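Have a look at the structure below before the remarks.
The values are calculated or read from the model by the stated rules, or taken from the named source; none is laboratory data. What you are looking at is a predicted structure, and each value in this text was computed from that prediction instead of being measured. Heads up, the Cβs are rebuilt from the backbone with ideal geometry, glycines too, and the neighbour counts pull from every protein chain shown. These area figures cover heavy atoms from the full protein model, side chains too; ligands, DNA and RNA do not enter into them. Shrake-Rupley method; radii C 1.70, N 1.55, O 1.52, S 1.80 Å.
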Amino acid sequence: MKLYDAARCPYCARVRIVLAEKGVAYEPVEIDLRDRPDWIYELNPTGRVPILDDGFVLPESDVIMAYLDERDPEPALRPADLSHRALTHVLVRRFDDRLGDDYYAFRRGDRNALAEKLEHLEVGHSLFADIAYAPWVIRVRDMLGIELPERLQVWLERLQQRPSVAAEVALVEAL
Ligand SMILES: N[C@@H](CCC(=O)N[C@@H](CS)C(=O)NCC(=O)O)C(=O)O
């Protein structure tokens, strides 16, 4: 299995966390996002990472996460109950639509939008959603230097006790 990856990319980070949770060995292919190779567009017409190659090519981080969770069911990252499982995907999509974009807005100088969205981020619905959110919250805390609301501090401290998440915290420190 190959993962077309970029160390600083939070979408890639959520896939790396899932791969670590599942204990799946893979070959990372680091992509320079400032100078992307032309061939990446043959794998994904958007040119974006992450892209998984598991004998077929799969882009889109949330879809890759769900695929990996079905491919290797243990430990299960999504609720067994189908309604909760479906809602997990809605939460991640909403997160990507809202907070994901705000992270980039923040980096362009719009601080308030991101801080306000973090106030309302609902964590603890499922491990899948928590893993999907964590790369942004880690970057907000450790790269952007925003003080997290206390409940998010507690949540992240607990989550980063998992080796899969601790590895991402260490990676962000080294960026
Ligand atoms: N919806 C995609 C978004 C992936 C994405 O935006 N990746 C960024 C790197 S963090 C990227 O490749 N950006 C290059 C670009 O937008 O041209 C996913 O969930 O995988």
* Reduced Cα scattering model of the chain, Debye log10 I(q)/I(0), q = 0.17 Å⁻¹ -> -1.12
* In what sequence, largest accessible area first, do Y104, Y11, Y4 appear using a 1.4 Å probe? -> Y104, Y11, Y4
* Asked: What is the dipole size for the chain, taken about its Cα centre, with +1 at each Lys and Arg Cβ and -1 at each Asp and Glu Cβ, in debye to the nearest 20?
  -> 280
* Asked: Which of H125, V169, L156 sits farthest toward the positive end of the charge dipole of the range 82-174, with +1 on the Cβ of Lys and Arg and -1 on the Cβ of Asp and Glu?
  -> H125
* **Kirkwood-based Rg to Rh ratio, the range 23-114, C-alpha trace** => 1.02
* Asked: How would D97, D81 rank on accessible area, largest to smallest, probe 1.4 Å?
  -> D97, D81
* Determine the order of T46, T88 by accessible area, beginning with the largest, at a probe radius of 1.4 Å. => T46, T88
* **Note, ³J(HN,Hα) from phi for the range 67-74, Karplus 6.51, -1.76, 1.60, rounded to Hz, x at Gly and Pro** => 4, 5, 5, 7, 5, 10, x, 10
* To do: Work out the P(r) tail for the range 2-71: percent of alpha carbon pairs separated by more than 15 Å, whole number.
  => 46
* Asked: In the range 91-168, which GluC sites (Glu not before Pro) fall in coil by DSSP and have 15 or fewer other Cβ atoms within 10 Å?
  -> E122, E147
* Asked: Just going by the charge dipole of the range 2-71, with Lys and Arg at +1 and Asp and Glu at -1 on Cβ, which of P59, I40, A13 is farthest out on the positive end?
  -> A13
* Whole-percent carbon and sulfur share, accessible surface of the chain, 1.4 Å -> 48
* For the range 33-77, diffusion coefficient by Stokes-Einstein and Kirkwood Rh (Cα), 4 °C, 1.567 mPa s, µm²/s -> 112
* Asked: Remind me, relative contact order of the chain in percent, using alpha carbon pairs under 8 angstrom and six or more residues apart?
  -> 24
* Asked: Tell me, what HN-Hα J-couplings in whole Hz come from the Karplus equation 6.51 cos²θ - 1.76 cosθ + 1.60 at θ = phi - 60° for each residue of the range 114-129, using x for Gly and Pro?
  -> 5, 4, 5, 5, 5, 4, 9, 5, 8, 9, x, 6, 7, 4, 4, 5
* Compute the separation of the alpha-carbon centres of the range 19-90 and the range 104-175 and state it in Å as a whole number. => 20
* Loop only per DSSP, at most 11 neighbouring Cβ atoms within 10 Å: give me the trypsin sites (Lys or Arg not before Pro) in the range 3-48, ordered by residue number. => R34
* For the range 82-174, what does the equivalent ellipsoid look like in terms of its semi-axes, each the square root of 5 times an eigenvalue of the Cα gyration tensor, given largest first in whole Å? -> 20, 18, 11
